[in-house]
Structure formats: structure tokens, C-alpha cells
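Worksheet for the structure shown next.
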Amino acid sequence: MQSDPVKMAHRKKNTPAQVQSGSKNAFTETPVVKGPNMDSLGFQAMDSNVPGLSQVILKNLNMKSYDEYRSAMEGKKPGAEFGIRSYFEMFQKMEDTFKFCAECKKLPESLPNPKSLRRCKRAQLCELYISAILPVGDIPFPTASWTKRIQEVRDWEDWLSMQEALDEKLGAILTGRYMHILWANAGKPKPEEAELVESIKRVTTDFVSRPATIGLGLHAFRIDPYAKPIVEHVVGASHVETLNARVTDYDELSRVFPKHQGVEVVMVGVDVVDGPIMRPPLVAFGPRERVYLSSYRGLYHDFWESQVETRQANRPDLVVGFHPGFHAYPDLMENWLPTLLLLRDYNIPSVFTVYSEQELKYSLKISMELEMRITGCGANPFASLKPEQAYSNPNKPPVYCNSHYFTFCGLSGSPDEGESEGGEGEND
């Protein structure tokens, strides 16, 4: 007899708030979450590579501690000196985070001659792409409905070929207000137009990557958005995802599947921050051809107990984890374990992404040790093309968001329920 996954992975530290079924205020009650968040782990990783680098970043933000940073990310009132006053100051302080020796990993004040530091070419390229993200008022540019089925879109060139009036849209960004502000404050020579166009394309793929990957997961499990409304849960959602999440970005799902029956996306994670999507999930399904975004701050198995089991939220058709990172930190894996077992034992179709092929191997190894049935894996055709440089370790090659993925559903050795990688349905 199969045991309940939540009871099987009993939580010692993370006790959910008491929620009564049917209570109108159930969603507003906050679970007690004591697990690590990705921000704190990121600060630890920086200091392990370059001791003191996290303090440089906090200083650049006019903060004294990580607690102040976290408070600001959660939407609480920051200190009077928090933030950056101008675009010029922003670029100067961004450069400060790159000022350390790539060989010995020491900050300038720890070197006998700080002026001897020279900028490497890789850092220059990284600064170029960081600069390109500034014109967020124009990016991503408006996109058109997909004229090809998702399995026919093999790469971003195929996606770009479906965009109407692409040259005009890119030209408007190049000559727009935000691009003018960028090069008036960056303190760097403006690149050639062709180079800027390619940079804009790369940044745009970063916005589209997440909804397109969700579409990939729906296709992989033959979940048909034309047959019924679809519910997706994004587990381990970061503060960046929820802070920047806009319905307009996830409306790309409406372009992947034009005239769908309705899509609901619920972002769940301890790093979720207050914002426009901090609202309850739907109990009934939303309107056709629309995407509804909501979020929940807490661990996914707490969300399942307090919201799904009490019917305050709908059971998901698909669960998506963007860069869960459970392979990297034991403390993080401790919090992920009940969620992974829950997804496994309740046979929830799931797709997770990672930054590299090496991370994919580690994640697959852990998943197989947990006897999860892997249904597919490989390079993601919708990986972001925007390189992410680990500035705490500049000698490492850049990585790309959602570079690789793997899908799983149920226990290994369990009967195949019809999921197939790359299968074609009538409405795919």
C-alpha cells in the first residue's frame, strides 16, 4: 500500500498554518517557513568564491546586512538610503561588483596594488548584455500568435520567423527613449546596430523562455489546452520571477495555443514577494483565451495541504520547476524532498529545468534515487539565449536559463499512462 508522501516525509521545521476547509480567509494565512531561500544561498556562494563580495553588493545598495536586503525584496519599507539614484550610478556600481582578481579571488582592498587589476574580455561581454536589459519599457516586444505547432518550432530562429514586422519592432527599440538613456549613462562606446539587434533578440528570448517551456511541458504530456482549462503550478518560484511576472509575458501561452480554454498559473515558493500577482488562486476556472497569474508564499507541500486538499486551489495538470537547485545544497534538498515525493506519489506530470548538462546529470541521479519515473530529458529548444555570467567565478563559462529540462510522472516501473516525449495530438 502506497503511503501518503507528505506524512512519509514528515516535516520537523515547516509547520503549515491551520486552515479550515471552505474558509474565505484561508489563503491569507501564512505558513511558517524556516527553510533556506535562494537569495541567502546565492550570497553564501558568492562569499565562498570571493570572500567579502556579498558585502560589496550590499554596500552598493546602501544596505548594512542581508536582512535589510531580504526585507526590501519582500516589499517591506527599506531604509532611507536604499537604492540607486541614477542610471549612471547604477552602471558604476555594477562595474564595482566585477572588481576582483579572477586568479586569486581577492577584492581590490586585499591586493598590494589594486590599480594593477585589468578587465578581462569576458567581463566586457558580460557588461554588454547586462546593459542590454535596461530598456525594459520596450522589451519584450509585442509578439504574434504562433503559426506553427510547438513541435515544429525547433529553435528561436523558427520563433522569430513567426513574428510580424520584426524589423520595424526592433528598429523602434533601437531608436527609443530607453536606448537613448542607456548609452547616455553607460559610459561605454555604443556598439554597432547589428550587435545591438542581436542583443535585443537574446534578451527577448529570456522573457519568452518560461511560458514557451510550459508549452513544451504541456506538449510532452499531451495535455490539450483546447479540450479544457489548464492549471499549472510553478514550484520554487523566486523573488525575481514573481517580482517581474506580468500577465503580458505569460500571455505568450495564448500565442502558443491560440483560442485555448483558459490557463491558470500559480507561482509557489518561499521567495515569493508581494506584487500584482500576490492574490489567491482560482477555485473556478477563468475566462477562455486568458492567462490568470497568482502566487503563494511557502513550500509546495504546505500549499498542497492548505489549498489544494481543502479545495481552495485547483489540482494542477502540470507542475513546472524553473531551476529548483535541489542538487546543489543539502538544506535545499531537505525542503524539496516532501514536494518531490508528493509529485511522485500523486502522479503529477512535471517538468523541471536546469542551467547546464552537468546539472541535468546531477538532478536525474537524485530523481532516479527517489524512484521517480523519468519520461524525457534533454536540451531545451526554448532555453534563454541571454548568457548568465557567474560574477563570483568569472573563469567559468556562462550558463543559460532553462538550458536543459527533464520530465517525470509517478513511480519508476509504474504503467505508462500515455505520456510521451514529442508525441503529436490533434491540436498540438
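Considering only residues that are more than 14 Å from HIS404 (Cα to Cα) and aliphatic (A, V, I, L, M), which ones fall in the stretch 332-363?
LEU332, MET333, LEU337, LEU340, LEU341, LEU342, LEU343, ILE348
Being under 23 Å from THR204 (Cβ atoms) and assigned by TED's automatic domain parsing to the domain that holds TRP336, is that true of even one residue in the stretch 359-373? Before you say what the answer is, go through the steps one by one.
Taking the stretch 359-373 and keeping what is under 23 Å from THR204 (Cβ atoms), we get none.
Within the stretch 359-373, none of the residues are under 23 Å from THR204 (Cβ atoms) and assigned by TED's automatic domain parsing to the domain that holds TRP336.
Tally the residues that are surrounded by fewer than 20 Cβ atoms within 10 Å (Cβ to Cβ) and farther than 27 Å from VAL153 by Cα, restricting the search to the stretch 364-379.
Total satisfying the criteria: 6.
Take the stretch 184-200 and flag every residue that is modelled with pLDDT of 80 or more and either among the hydrophobic types (A, V, I, L, M, F, W, C) or buried (at least 17 other Cβ atoms within 10 Å of the Cβ) (or both).
Selection gives ALA184, ALA194, LEU196, VAL197, SER199, ILE200.
Buried (at least 20 other Cβ atoms within 10 Å of the Cβ), of a type outside the set (Lys, Arg) and over 25 Å from PRO338 (Cα atoms), is that true of VAL235? Step through it out loud before you land on a result.
Values: buried (at least 20 other Cβ atoms within 10 Å of the Cβ): yes; of a type outside the set (Lys, Arg): yes; over 25 Å from PRO338 (Cα atoms): no.
Taking the combined requirement at face value, the residue does not satisfy it.
Take the conditions part of a helix (DSSP H, G or I), in contact (Cβ under 8 Å) with a residue 60 or more places away in the chain and of a type in the set (Gly, Ala, Ser) and apply them to GLY187. Does it pass? Reasoning before the result, please.
On the way: part of a helix (DSSP H, G or I): no; in contact (Cβ under 8 Å) with a residue 60 or more places away in the chain: yes; of a type in the set (Gly, Ala, Ser): yes.
Answer is no for this residue.
Taking only the stretch 308-337 into account, find how many residues are assigned to a helix (DSSP H, G or I) and at pLDDT 95 or above.
Number of matching residues: 1.
What residue, among those in the stretch 164-180 that are in contact with a Leu (Cβ under 7 Å, 6 or more places away or on another chain) and not hydroxyl-bearing (Ser, Thr, Tyr), is modelled with the lowest pLDDT? Talk me through it step by step, then tell me what you get.
If we filter the stretch 164-180 for residues that are in contact with a Leu (Cβ under 7 Å, 6 or more places away or on another chain), which is where we start, we get 166, 174, 178.
Those left that are additionally not hydroxyl-bearing (Ser, Thr, Tyr): 166, 174.
Working: LEU166: 94, LEU174: 86.
So the residue we want is LEU174.
Scan the stretch 207-227 and give yes if some residue there is touching a residue at least 12 places away in the same chain (Cβ under 8 Å), aromatic (Phe, Trp, Tyr) and part of a helix (DSSP H, G or I), otherwise no. Steps first, answer last, please.
Applying the first criterion (touching a residue at least 12 places away in the same chain (Cβ under 8 Å)) to the stretch 207-227 yields 207-227.
Imposing the further condition that a residue be aromatic (Phe, Trp, Tyr) reduces the set to 207, 221, 226.
Next, only the ones that are part of a helix (DSSP H, G or I) stay: 207.
Looking through the stretch 207-227, at least one residue is touching a residue at least 12 places away in the same chain (Cβ under 8 Å), aromatic (Phe, Trp, Tyr) and part of a helix (DSSP H, G or I).
Could you check the stretch 239-284 for helices (runs of 4 or more DSSP H) lying wholly inside it with 2 or more residues that are buried (at least 20 other Cβ atoms within 10 Å of the Cβ), in contact with a Pro (Cβ under 8 Å, 6 or more places away or on another chain) and at pLDDT 90 or above? Explain how you work it out, then say what you get.
Values: elements: 239-244, 247-250, 252-256.
Per the criteria, 252-256.
For the stretch 292-325, which positions are surrounded by fewer than 23 Cβ atoms within 10 Å (Cβ to Cβ) and of a type in the set (Val, Ile, Thr)?
VAL308, THR310
The values are calculated or read from the model by the stated rules, or taken from the named source; none is laboratory data. Since this is a predicted model, take the numbers as computed values, not measurements. Here the Cβ is made from the backbone with ideal geometry for all residues, glycine too, and neighbour counts use every protein chain on show.
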